[in-house]
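The values are calculated or read from the model by the stated rules, or taken from the named source; none is laboratory data. Computed from a prediction, not measured in an experiment: that's the story for all the values here. Using ideal geometry, Cβ is built from the backbone for each residue, glycine included, and neighbour counts are taken over all protein chains shown. Heavy atoms of the whole protein, side chains included, go into the accessibility calculation; ligands, DNA and RNA do not. Shrake-Rupley method; radii C 1.70, N 1.55, O 1.52, S 1.80 Å.
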Amino acid sequence: MTEQDKQFMIEAIQLSRNGMQNNEGGPFGAIVVKDGKIVGRGNNKVTSSNDPTAHAEVTAIRDACKNLGTFQLDDCIIYSSCEPCPMCLGAIYWARPKKLYFACSREDAANINFDDDFIYKEIPLPIDQRQIPTAQIMQEKGVEVFNEWAAKEDKKEY
(Lines give C-alpha, C1' and ligand atoms only; values in the text may rest on other atoms or scores of the structure.)
Protein backbone atom coordinates (compact mmCIF):
# COMPACT_ATOMS: atom_id res chain seq x y z
CA MET A 1 0.00 0.00 0.00
CA THR A 2 1.36 3.36 -1.06
CA GLU A 3 0.63 6.88 0.13
CA GLN A 4 -1.37 7.34 -3.06
CA ASP A 5 -3.45 4.25 -2.22
CA LYS A 6 -4.16 5.77 1.19
CA GLN A 7 -5.29 9.06 -0.39
CA PHE A 8 -7.60 7.25 -2.79
CA MET A 9 -9.10 5.21 0.06
CA ILE A 10 -9.67 8.44 2.03
CA GLU A 11 -11.62 9.72 -1.00
CA ALA A 12 -13.77 6.55 -1.09
CA ILE A 13 -14.42 6.81 2.65
CA GLN A 14 -15.32 10.49 2.30
CA LEU A 15 -17.84 9.59 -0.42
CA SER A 16 -19.38 7.09 2.01
CA ARG A 17 -19.69 9.81 4.64
CA ASN A 18 -21.09 12.41 2.21
CA GLY A 19 -23.72 10.05 0.85
CA MET A 20 -24.77 9.04 4.34
CA GLN A 21 -24.97 12.65 5.54
CA ASN A 22 -26.99 13.61 2.45
CA ASN A 23 -29.41 10.72 3.15
CA GLU A 24 -28.71 9.15 -0.23
CA GLY A 25 -28.21 5.67 1.21
CA GLY A 26 -26.01 3.61 3.47
CA PRO A 27 -22.45 4.56 4.48
CA PHE A 28 -20.63 3.17 1.45
CA GLY A 29 -18.38 4.87 -1.11
CA ALA A 30 -16.13 3.78 -3.96
CA ILE A 31 -13.88 5.22 -6.61
CA VAL A 32 -12.26 3.89 -9.76
CA VAL A 33 -8.72 5.01 -10.58
CA LYS A 34 -6.82 4.71 -13.85
CA ASP A 35 -3.27 5.96 -14.37
CA GLY A 36 -3.32 7.73 -11.01
CA LYS A 37 -6.53 9.68 -11.76
CA ILE A 38 -10.05 9.17 -10.44
CA VAL A 39 -12.24 8.20 -13.40
CA GLY A 40 -15.35 7.12 -11.49
CA ARG A 41 -17.03 7.96 -8.20
CA GLY A 42 -19.97 6.42 -6.42
CA ASN A 43 -21.73 6.23 -3.14
CA ASN A 44 -24.67 4.15 -2.02
CA LYS A 45 -27.92 5.59 -3.41
CA VAL A 46 -30.27 2.69 -2.73
CA THR A 47 -32.84 4.58 -0.66
CA SER A 48 -32.70 7.90 -2.53
CA SER A 49 -33.08 6.29 -5.96
CA ASN A 50 -35.32 3.37 -4.95
CA ASP A 51 -32.80 1.12 -6.70
CA PRO A 52 -31.54 -1.92 -4.77
CA THR A 53 -28.59 -2.18 -7.19
CA ALA A 54 -27.36 1.40 -6.56
CA HIS A 55 -24.51 0.30 -4.31
CA ALA A 56 -21.35 2.41 -4.19
CA GLU A 57 -19.22 0.05 -6.26
CA VAL A 58 -21.88 -0.32 -8.95
CA THR A 59 -22.43 3.43 -9.20
CA ALA A 60 -18.66 4.02 -9.37
CA ILE A 61 -18.26 1.36 -12.07
CA ARG A 62 -21.12 2.88 -14.09
CA ASP A 63 -19.58 6.34 -13.75
CA ALA A 64 -16.11 5.14 -14.76
CA CYS A 65 -17.39 3.18 -17.75
CA LYS A 66 -19.37 6.20 -18.94
CA ASN A 67 -16.36 8.49 -18.50
CA LEU A 68 -13.96 6.07 -20.21
CA GLY A 69 -16.37 5.02 -22.97
CA THR A 70 -15.90 1.32 -22.29
CA PHE A 71 -17.60 -1.60 -20.56
CA GLN A 72 -14.41 -2.93 -19.01
CA LEU A 73 -12.08 -1.29 -16.54
CA ASP A 74 -8.76 -2.66 -17.75
CA ASP A 75 -5.79 -1.25 -15.84
CA CYS A 76 -8.08 0.34 -13.23
CA ILE A 77 -8.06 0.03 -9.46
CA ILE A 78 -11.23 0.12 -7.37
CA TYR A 79 -11.15 1.54 -3.85
CA SER A 80 -14.21 0.76 -1.75
CA SER A 81 -15.01 1.85 1.77
CA CYS A 82 -16.23 -1.68 2.52
CA GLU A 83 -15.69 -5.24 1.35
CA PRO A 84 -18.07 -5.65 -1.60
CA CYS A 85 -21.32 -7.56 -1.27
CA PRO A 86 -21.82 -10.51 -3.64
CA MET A 87 -23.62 -8.34 -6.22
CA CYS A 88 -20.85 -5.74 -6.23
CA LEU A 89 -18.15 -8.38 -6.26
CA GLY A 90 -19.80 -9.87 -9.34
CA ALA A 91 -19.93 -6.43 -11.00
CA ILE A 92 -16.26 -5.87 -10.15
CA TYR A 93 -15.27 -9.18 -11.71
CA TRP A 94 -17.31 -8.41 -14.86
CA ALA A 95 -15.63 -4.98 -15.09
CA ARG A 96 -12.18 -6.65 -14.89
CA PRO A 97 -10.12 -4.09 -12.96
CA LYS A 98 -6.55 -5.01 -12.11
CA LYS A 99 -6.98 -4.56 -8.35
CA LEU A 100 -9.47 -3.95 -5.54
CA TYR A 101 -8.84 -2.37 -2.15
CA PHE A 102 -11.43 -2.12 0.64
CA ALA A 103 -11.46 -0.59 4.12
CA CYS A 104 -14.20 -2.12 6.30
CA SER A 105 -14.85 -5.86 6.28
CA ARG A 106 -18.20 -7.59 5.79
CA GLU A 107 -18.09 -8.30 9.53
CA ASP A 108 -17.78 -4.56 10.19
CA ALA A 109 -20.84 -4.03 7.98
CA ALA A 110 -22.76 -6.76 9.81
CA ASN A 111 -22.04 -4.94 13.08
CA ILE A 112 -24.17 -2.04 11.82
CA ASN A 113 -26.90 -4.32 10.40
CA PHE A 114 -25.71 -4.66 6.80
CA ASP A 115 -25.50 -8.43 6.71
CA ASP A 116 -24.11 -9.40 3.30
CA ASP A 117 -23.00 -12.70 4.79
CA PHE A 118 -26.55 -14.00 4.35
CA ILE A 119 -26.21 -13.74 0.56
CA TYR A 120 -22.68 -15.16 0.63
CA LYS A 121 -24.17 -18.20 2.40
CA GLU A 122 -27.08 -18.52 -0.06
CA ILE A 123 -24.94 -18.67 -3.21
CA PRO A 124 -23.42 -22.14 -2.72
CA LEU A 125 -26.72 -23.72 -1.64
CA PRO A 126 -28.63 -25.92 -4.08
CA ILE A 127 -31.39 -23.88 -5.73
CA ASP A 128 -34.14 -25.74 -3.89
CA GLN A 129 -32.61 -24.85 -0.50
CA ARG A 130 -32.40 -21.08 -0.97
CA GLN A 131 -34.61 -18.62 0.91
CA ILE A 132 -36.20 -17.23 -2.27
CA PRO A 133 -38.07 -20.03 -4.07
CA THR A 134 -36.39 -20.52 -7.44
CA ALA A 135 -37.22 -22.81 -10.36
CA GLN A 136 -35.95 -23.25 -13.90
CA ILE A 137 -38.65 -23.15 -16.59
CA MET A 138 -38.74 -23.04 -20.42
CA GLN A 139 -35.04 -23.79 -20.88
CA GLU A 140 -35.58 -24.92 -24.48
CA LYS A 141 -37.01 -21.52 -25.51
CA GLY A 142 -34.24 -19.67 -23.70
CA VAL A 143 -31.54 -21.76 -25.35
CA GLU A 144 -32.92 -20.83 -28.79
CA VAL A 145 -31.77 -17.24 -28.21
CA PHE A 146 -28.40 -18.45 -26.87
CA ASN A 147 -27.94 -20.44 -30.09
CA GLU A 148 -28.78 -17.34 -32.14
CA TRP A 149 -26.12 -15.44 -30.17
CA ALA A 150 -23.57 -18.19 -30.81
CA ALA A 151 -24.24 -17.95 -34.56
CA LYS A 152 -24.39 -14.12 -34.68
CA GLU A 153 -21.48 -12.89 -36.79
CA ASP A 154 -21.59 -9.18 -35.90
CA LYS A 155 -21.63 -9.53 -32.11
CA LYS A 156 -19.23 -7.63 -29.90
CA GLU A 157 -17.45 -10.16 -27.71
CA TYR A 158 -16.91 -9.49 -24.04
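Is it true that Arg41 is free of Cβ contacts under 8 Å to residues at least 60 places away in the same chain, in a strand (DSSP E or B) and surrounded by fewer than 24 Cβ atoms within 10 Å (Cβ to Cβ)? It would help to see each step written out before you state the result.
Numbers: free of Cβ contacts under 8 Å to residues at least 60 places away in the same chain: yes; in a strand (DSSP E or B): yes; surrounded by fewer than 24 Cβ atoms within 10 Å (Cβ to Cβ): yes.
Yes.
Yes or no, residue by residue, for (1) over 24 Å from Ile10 (Cα atoms); (2) modelled with pLDDT under 95; (3) under 12 Å from the mean Cα position of the chain (by Cα):
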| position | (1), (2), (3) |
| --- | --- |
| Ala56 | no, no, yes |
| Ala103 | no, no, no |
| Tyr120 | yes, yes, no |
| Val145 | yes, no, no |
Handout entry: Residue within the stretch 98-114 that is basic (Lys, Arg), within 30 Å of Ile77 (Cα to Cα) and touching a strand residue (DSSP E or B) at 6+ places or on another chain (Cβ under 6 Å) present
Key = yes
Exercise for the section: Among residues belonging to the stretch 1-26 that are in contact (Cβ under 8 Å) with a residue 40 or more places away in the chain and more than 15 Å from the chain's Cα centre (by Cα), point out the one that is most open to solvent (accessible area, probe 1.4 Å). Expected result: Met1
Completion exercise
By residue number, the members of the stretch 1-29 that are of a type in the set (Val, Ile, Thr) and over 20 Å from Ala110 (Cα atoms) are Thr2, Ile10
Problem - Hits in the stretch 118-157 - residues which are free of Cβ contacts under 8 Å to residues at least 12 places away in the same chain and in contact with a helix residue (DSSP H, G or I) (Cβ under 6 Å, 6 or more places away or on another chain) - result: Arg130, Thr134
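Looking at the stretch 143-158, which of its residues are open to solvent by less than 80 Å² (accessible area, probe 1.4 Å) and among the basic types (Lys, Arg)?
Listed by number, the list holds a single entry, Lys155.
Of everything in the stretch 27-38, what is at negative phi, outside any strand (DSSP E or B) and surrounded by fewer than 24 Cβ atoms within 10 Å (Cβ to Cβ)? Give them in sequence order. Show your work before the answer.
Going through the stretch 27-38, the residues at negative phi turn out to be 27-34, 37-38.
Of the ones still in play, those that are also outside any strand (DSSP E or B) are 27-28.
The one that is at negative phi, outside any strand (DSSP E or B) and surrounded by fewer than 24 Cβ atoms within 10 Å (Cβ to Cβ): Pro27.
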